[in-house]
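> Here's a structure for you.
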Amino acid sequence: MEIRTIASGSSGNCLLVSAGGSHLLVDAGISCRRITAALAGLGLSPEALSGILITHEHTDHISGLATLTKKFHLPVYTAPGTARQLACRIPAIEDDLRPVSPGACFDLGPFTAETFPTSHDAAQPMGFTFICGGRKAAVVTDLGYVSDDVLDGVIGADLVVCEANHDVDKLRSGPYPYPLKVRILSDRGHLSNEAGAALALQCVEKGTKTIILAHLSAENNTPALARQVVGDFLHRAGIDPDRDILLATAPRGELSPGYEV
């Protein structure tokens, strides 16, 4: 199994999961044109996708979905509450929707996809894990906090795409309006670098070997800062982030390297 981020951050999120010639897209928060170009760079086309999995209905996770479904009629797997939101926003998407309740699992080609509820200010947000060939990868961003459901979902994954959205001091002193700051810091907002580090540590202590820090804020974080905070947190727990695991940050607007699981 191979994981690549196509885009990651508040301006757009999209990720590709591949194995055995099968491919899944997690979120479509950039334009169809950009998604198609990224796939073409890998020798793929949207027709090669077995489906699109949507975590929630915010624009930075679905902005390319209308055009993708209109052109290619790919099945869209998402929570029932999110499906209702998509049906209201995207004309003629109903036939492509495949509602899946958080906590359920389903098979897509060689993958078993498992779902779990997350805490975010959306209709019915959820995260995903993918199991293939005895290996497991988890995608968990847009979290207000790390719930027991999230931990149950991601613990045991070989690779975790883990949120490290913001530096708290940068956010508090930055230009965002006060209500937006309150939203981001709430239990239905986003994980800070420190909260992401705590989640990463729990995963690594249970065997995770690859941590990809994702959904970094352009205004309230930097890749270097996120990696430093998480790396220092792991180091204090006796884990060398340069030797014991692979710790990386997802690029904001370009295709990442492929991470094998």
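The values are calculated or read from the model by the stated rules, or taken from the named source; none is laboratory data. Not measured: the values here are computed from a predicted model. Methodologically, a virtual Cβ is constructed for each residue, glycine included, from the backbone with ideal geometry; neighbour enumeration extends over all protein chains shown. Keep in mind that these areas ignore ligands, DNA and RNA; they rest on the heavy atoms of the full protein, side chains included. Shrake-Rupley method; radii C 1.70, N 1.55, O 1.52, S 1.80 Å.
> Evaluate region 100-115: report whether one residue or more is farther than 21 Å from A7 by Cβ and surrounded by 24 or more Cβ atoms within 10 Å (Cβ to Cβ).
Yes, region 100-115 contains a residue that is farther than 21 Å from A7 by Cβ and surrounded by 24 or more Cβ atoms within 10 Å (Cβ to Cβ).
> Can you tell which of E57, E47, E2 is among the acidic types (D, E), over 25 Å from T249 (Cα atoms) and either touching a Leu at 6+ places or on another chain (Cβ under 8 Å) or open to solvent by 40 Å² or more (accessible area, probe 1.4 Å) (or both)?
Going through E57, E47, E2 in turn, the sole match is E47.
> Still on this structure, please answer the following. Can you tell me which of V150, V140, V146 is of a type in the set (V, I, T), within 20 Å of S192 (Cα to Cα) and out of contact with any strand residue (DSSP E or B) (no Cβ under 8 Å at 6 or more places or on another chain)?
Residue meeting the stated conditions: V146.
> Quick check, is L225 of a type in the set (A, V, I, L, M), surrounded by fewer than 18 Cβ atoms within 10 Å (Cβ to Cβ), part of a helix (DSSP H, G or I) and on the phi < 0 side of the Ramachandran plot?
So L225 fits the description; yes.
> Continuing with the same structure: Please give the number of the condition G189 fails out of (1) of a type in the set (G, A, S); (2) closer than 27 Å to T208 by Cβ; (3) open to solvent by 30 Å² or more (accessible area, probe 1.4 Å).
Failing condition for G189: (3).
> Within region 22-41, can you find the residues that are open to solvent by 20 Å² or more (accessible area, probe 1.4 Å) and of a type in the set (V, I, T)?
T36 - this is the single residue of region 22-41 that is open to solvent by 20 Å² or more (accessible area, probe 1.4 Å) and of a type in the set (V, I, T).
> State whether one or more residues within region 173-186 are open to solvent by 50 Å² or more (accessible area, probe 1.4 Å), in contact with a Pro (Cβ under 8 Å, 6 or more places away or on another chain) and modelled with pLDDT of 95 or more.
For region 173-186, residues open to solvent by 50 Å² or more (accessible area, probe 1.4 Å), in contact with a Pro (Cβ under 8 Å, 6 or more places away or on another chain) and modelled with pLDDT of 95 or more: absent.
> Separate question: Which of the numbered conditions does G231 fail, given that it passes all the others? Conditions: (1) open to solvent by less than 30 Å² (accessible area, probe 1.4 Å); (2) more than 21 Å from K136 (Cβ to Cβ); (3) part of a loop (DSSP other than H, G, I, E, B); (4) without any contact (Cβ under 8 Å) to a residue 40 or more places away in the chain.
Only one criterion is unmet by G231, namely (3).
> Looking at (1) closer than 21 Å to V154 by Cα; (2) among the hydroxyl-bearing types (S, T, Y); (3) in contact with an Asp or Glu (Cβ under 9 Å, 6 or more places away or on another chain), can you tell me which one T82 breaks?
Here T82 meets the rest and fails (1).
> Scan (1) assigned to a loop (DSSP other than H, G, I, E, B); (2) in contact with an Asp or Glu (Cβ under 9 Å, 6 or more places away or on another chain) for the single condition V17 breaks and write down its number.
(1)
> List the number of the failed condition for E163; all other conditions in (1) under 26 Å from L25 (Cβ atoms); (2) open to solvent by 20 Å² or more (accessible area, probe 1.4 Å); (3) in contact (Cβ under 8 Å) with a residue 24 or more places away in the chain hold.
So E163 meets the others, but not (2).
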